[in-house]
Amino acid sequence: MKKINAEIHVINEDKMIYKVEQFKQIGSREFALTYMLELIAGWDYVEPDMSNKQGFISANMFTDEVQSDFLTVYPLLESLGERLKEEGYTVIDIKDYKINQVKLV
């Protein structure tokens, strides 16, 4: 996989924030690229034992199943932006989001 030379962050309908990290060309009859999205943060309780305060917390607090996602894009038919939108992602500016660093106990 090749690293992306841009900072592309997206959020999905479950309030999970991902960074588009890498891509690779896949072999098929049509030209296609597979993009890897890496979890940065997600919406949950910030201090589960002390209050009901919710916010975005660091990725290490979530299960392995949501740590990454993969999208296949056919660039001759659609853009990465169109594919992200189809899959329920919205491109965001990560600076607009406060991510609370929560440590495992």
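The residue that is surrounded by the fewest Cβ atoms within 10 Å (Cβ to Cβ), among those in segment 72-95 that are assigned to a strand (DSSP E or B) and either in contact with a Pro (Cβ under 9 Å, 6 or more places away or on another chain) or modelled with pLDDT of 95 or more (or both), is THR90.
Of the residues making up segment 72-89, those that are within 15 Å of ILE17 (Cα to Cα) and in contact (Cβ under 8 Å) with a residue 12 or more places away in the chain number 4.
Filter segment 1-38 for residues that are assigned to a strand (DSSP E or B) and polar (S, T, N, Q); which is surrounded by the fewest Cβ atoms within 10 Å (Cβ to Cβ)?
Top of the filtered list is GLN25.
Can you tell me which residue is nearest to ILE17 (Cα to Cα) among those in segment 38-65 that are aliphatic (A, V, I, L, M) and modelled with pLDDT under 90? If we take residues in segment 38-65 being aliphatic (A, V, I, L, M) and modelled with pLDDT under 90, then MET61 is nearest to ILE17 (Cα to Cα).
Hey, could you check segment 59-71 for residues that are acidic (Asp, Glu) and exposed (fewer than 14 other Cβ atoms within 10 Å of the Cβ) and say which is farthest from GLU30 (Cα to Cα)? It comes out as ASP64.
The values are calculated or read from the model by the stated rules, or taken from the named source; none is laboratory data. Please read all numbers here as calculations on a predicted model, not as lab measurements. Don't worry about glycine lacking a Cβ; one is built from the backbone with ideal geometry, like all the others, and counts go over all protein chains shown.
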